[in-house]
Amino acid sequence: MKKLTQKEEEILGYFWAHGPMFVRDLLELQDEPKPHYNTLSTIVRTLEEKGYIGYKQYGNTYQYYALVSKEEYEKSTLTSVVDRYFGNSYTRVVSTLIEEEKLSIEELQELIHQIKNKGK
């Protein structure tokens, strides 16, 4: 999957939360000051080009929808981060979390418990 900008990821999140939408529907969901319609339309088309958004044509307008689930995106992003910054080593990830005190002994024990019980 191609990497998304923060704004592209935010816009994709609206499709995950609200389902298929026209750009005008997406515009209504935006906080003030609302971006210009063309700005949102460009972001949506970029998401479509990157393979995250599909569309259904209704005359001269398009209804867009997510092609990738939030879960698929999260897994792909995690895999990319682990590969890029931790040499594809999940052990290094866990080690870093422990060193930075982001993962407690209890949480680590819970992970071990999950691993042991996964095949059962």
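None of the figures in this text is laboratory data; all of them are computed from the coordinates on show. As the structure is a computational prediction, the values presented were derived from the model and not from experiment. With ideal geometry, Cβ positions are generated from the backbone for all residues, glycine too; neighbour counts draw on all protein chains shown.
Averaging sequence separations of C-alpha pairs under 8 Å and six or more residues apart, then dividing by the length of the chain, give the relative contact order as a whole percent. Worked out over the chain, it gives 21 percent. Rounded to the nearest 20 debye, the dipole size of the chain about its Cα centre is 540 debye, using +1 on the Cβ of Lys and Arg and -1 on the Cβ of Asp and Glu.
Taking each DSSP H run with n ≥ 4 as -39500 (n - 2.57) and averaging over every residue of the chain yields -19000 deg cm²/dmol at 222 nm. Note on the chain: the C-alpha convex hull projects to 10.7 nm² when averaged across all orientations.
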